[in-house]
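Read the structure below first, then the notes.
Where a number appears in this text, it was derived from the coordinates with a stated rule and is not lab data. Worth saying up front: this structure is predicted, and the values here are computed from it rather than measured. We place every Cβ from the backbone using ideal geometry, glycine too, and count neighbours over all the protein chains shown.
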Amino acid sequence: MKAVIEAKNLTKRYGDFTAVNGISFEVKPGEIFGFLGPNGAGKTTTVRMLSTLTSITEGEAYVNGHDVRRERKAVKKTIGVVQDVSNLYDELTVEENLRFLAKLYDAPLENVSRLIKDFNLPAKKKFGKLSSGYKRRTAIVAALIHEPPVLFLDEPTVALDVQSANLVRNMIQLLNKEGKTIFLTTHNMTEAETLPHRIAIINRGKIVAIGKRNELRKLVGKGVKVRFRVEPLSNRFLRFLEPYSPKPDGETLVVMVEDPDTFLEEFWGLKRELGFRVLHLSTELPSIEEVFLQLTDSNEDGERPCACGGCPL
Amino acid sequence: MKVVPIIVKELKEYMFKPGSISWGLVFPLVFSLAFIVRFGDIDHLAPGLVSISALFATTSFVASSLIFERRLKTFERLLLAPISYGEIILAKVLVGALFGLMVSAITLAIVRYFMVYPVWSWPLTLLGILLANLAFSALGVYISLAVENPINVMTWLNVIRLPMMFTSGAIASLTLFPKWFIAIGLITPMTYSVEALRYSLLGYYDVIAPLYSLPLMLFMTLLFMLLSVRSLRRMY
Ligand SMILES: Nc1ncnc2c1ncn2[C@@H]1O[C@H](COP(=O)(O)OP(=O)(O)OP(=O)(O)O)[C@@H](O)[C@H]1O
Ligand SMILES: [Mg+2]
């Protein structure tokens, strides 16, 4: 299937500083594509380049088959953008804001009343008087006015309370079910675990991993995480654990095992033999958060944690 | 043409913002009234007072709108819409001129009431006021975009507007000043506005005939609009 968004070696430089450094990826039709990265990684800059808001220093980008550098108007008509702030006009009511945008986009004015009804927005309230949750929802609805097939959402749930964030996530899922392709930037891990079909992780302007959630999980270690707490810990049991390099986590120990069946059989065998008590035993897959933490660093402090995972120092 | 909806939006959103009201309406009216109270018959000051009203009203309005829009990123709504930079600039200039026309019309009505002689030519007066408002509005849009940090726009605007009041001959006749002083005034549209209105209201001019001052205001409007589009290209 032809890609809806295509970036080839996309680069943005501000003077000497490279904010986005030669990234390439494709977003397929109907996909929610998660774009994860810490603060300052280059997420907003990427959205701004793809949505024609800022010039591309180097590389190419295509949205809906249109060259972002040369066919800006065509690109603008087929995308809806929700920026990292809820930017509508404070003194205009929700309805006036939407009607204004409908006129700018030559969209039918019926869309305004339909969207207001579908998303339950307070039509007659001034935008400036809305709560941040309603502001964000209105900003998302505003991006739908011209029925674009592609949506860019830049951290749509940031600074929202749990309820509002959930409402926004439901909206995103609904829009995707209706067939919209969604480019979603976030550093919210709940969102990353649930919404995107595929994820790219960006760090310091470079994509460090890309794939489905399960493919990304494999990057932190193969197999399954087993967590347990036994008493007492005998030397014999520790010798059994040694090849798995167990790590303490609170009161429990955690090991990564490729073949959980074999591990658990041996585990229960030893329990019968040694007679220790099992206070906790669970298995889990590595979380996207772990993948994220391992592949990215805080771009603010400039210190990069050691890549080897567990230095003796 | 998407210019009309933008104009309507601008008026609803920015007409009553403090920036538009204080520097754009209160200042020029109070300034004019102060001169009227001081001098009584103010025929020779009428062109200056109307021009000052147009200058402050237009530039304050467009600056207030662009400062808000650049800071709150609502300006990017316009940039994301399928319209050209030219249309955006045109809409901003027209709405600034519209606000300026309202304020300068009020000033003219007040000033007219205290004038001793009748207006020399109403058609030329209306044309002059229209062109002046367009030129000042375009200047205001250009400055509001050229200043890198929008917080500083109002300050820069005053750095430019206040001296323009004097170099244009709005307060004292240009014939009283040395040539180099007049030359400075010639690079601003304010001088052409004062000269054009002096002719249309009073029937004489100091140094620039209306044959030049009127077209030059149109030329400056277009020039500042082109410069504004260029600023947008650089910024985004
Ligand atoms: N106009 C600009 N001029 C100079 N540097 C910029 C500009 N815009 C962004 N940057 C820098 O580019 C880098 C990437 O910024 P960007 O806003 O894309 O990050 P982000 O991933 O969206 O971060 P956040 O999670 O904080 O929103 C940052 O270091 C930022 O300071
Ligand atoms: Mg961002």
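Across peptide A:84-95, the mean count of Cβ atoms from other chains lying within 10 Å of each residue's own Cβ comes to 4. Among the GluC sites (Glu not before Pro) within segment A:173-259, those in coil by DSSP and having at most 11 neighbouring Cβ atoms inside 10 Å are A:GLU178, A:GLU251, A:GLU258. Per the Debye formula on identical point scatterers at the alpha carbon atoms of the protein assembly as shown, with no solvent, log10 I(q)/I(0) at q = 0.05, 0.07, 0.13 Å⁻¹ is -0.33, -0.56, -1.19. Put simply, the amide H of A:THR54, placed in the peptide plane, has neighbours under 5 Å in A:MET49, leaving out anything fewer than 5 places away on its chain.
With Cα atoms as the point set, chain A shows a radius of gyration and Dmax of 23.9, 78 Å. The modelled label-to-label distance between B:LEU223 and A:VAL158, using points 7 Å beyond Cα along the C-beta direction, is 4.2 nm. For segment B:12-20, backbone phi angles converted through the Karplus equation (6.51, -1.76, 1.60; θ = phi - 60°) give residue-by-residue couplings of 4, 7, 10, 4, 9, 6, x, x, 6 Hz, Gly and Pro being listed as x.
Distance from the C-alpha centroid of segment B:172-236 to that of segment B:73-91: 28 Å, rounded to the whole angstrom. Each label was represented as a point 7 Å from its Cα along the Cα-to-Cβ direction; for A:LYS124 and A:GLU215 these points are 5.3 nm apart.
The alpha carbon centroids of segment A:112-138 and segment A:149-187 are separated by 16 Å. Sequence-distant contacts, meaning Cα pairs under 8 Å at least 6 residues apart, place the relative contact order of segment B:40-126 at 54 percent. The calculated FRET efficiency for B:ARG233 paired with A:GLU273, based on their beta-carbon distance and R0 = 60 Å, is about 0.20. Straight Cα distances below 20 angstrom link B:LYS2 to the lysines A:LYS73, A:LYS76, A:LYS77, A:LYS103, B:LYS12, B:LYS73, B:LYS92, with same-chain residues fewer than 8 positions distant left out. Note on A:SER287 and B:TYR85: the model spin-label points, each 7 Å out from Cα along the C-beta direction, lie 4.6 nm apart. Taking amide H as placed 1.01 Å from N in the peptide plane, A:ASN21 has its amide H under 5 Å from the amide H of A:LYS12, A:LYS206, each at least 5 places away in sequence or on another chain.
If I take all pairs of Cα atoms in chain B, what percentage of them are more than 34 Å from each other? Provide the component values of the computation, followed by the final result.
Values: 3579 of 27730 pairs.
It works out to 13 percent of all Cα pairs.
In whole percent, what relative contact order does segment A:224-285 give with Cα contacts below 8 Å and a gap of six or more residues? Normalised by residue count, the contact order of segment A:224-285 is 58 percent.
Taking Cα atoms of segment B:6-132, Rg/Rh with Kirkwood Rh, to two decimals? Computed over Cα atoms, the ratio is 1.06. For chain A, the residue among A:LEU184, A:THR262, A:PRO122 whose Cα projects farthest onto the positive side of the dipole built from Cβ charges is A:PRO122.
Defining a contact as two alpha carbons under 8 Å apart and six or more residues distant in sequence, what relative contact order in percent does segment A:94-160 show?
Details: 48 pairs, mean separation 25.9, N = 67.
It rounds to 39 percent for segment A:94-160.
In terms of its C-alpha gyration tensor, segment A:224-285 comes out rounded, because the ratio a/c of the largest to the smallest axis stays below 1.5.
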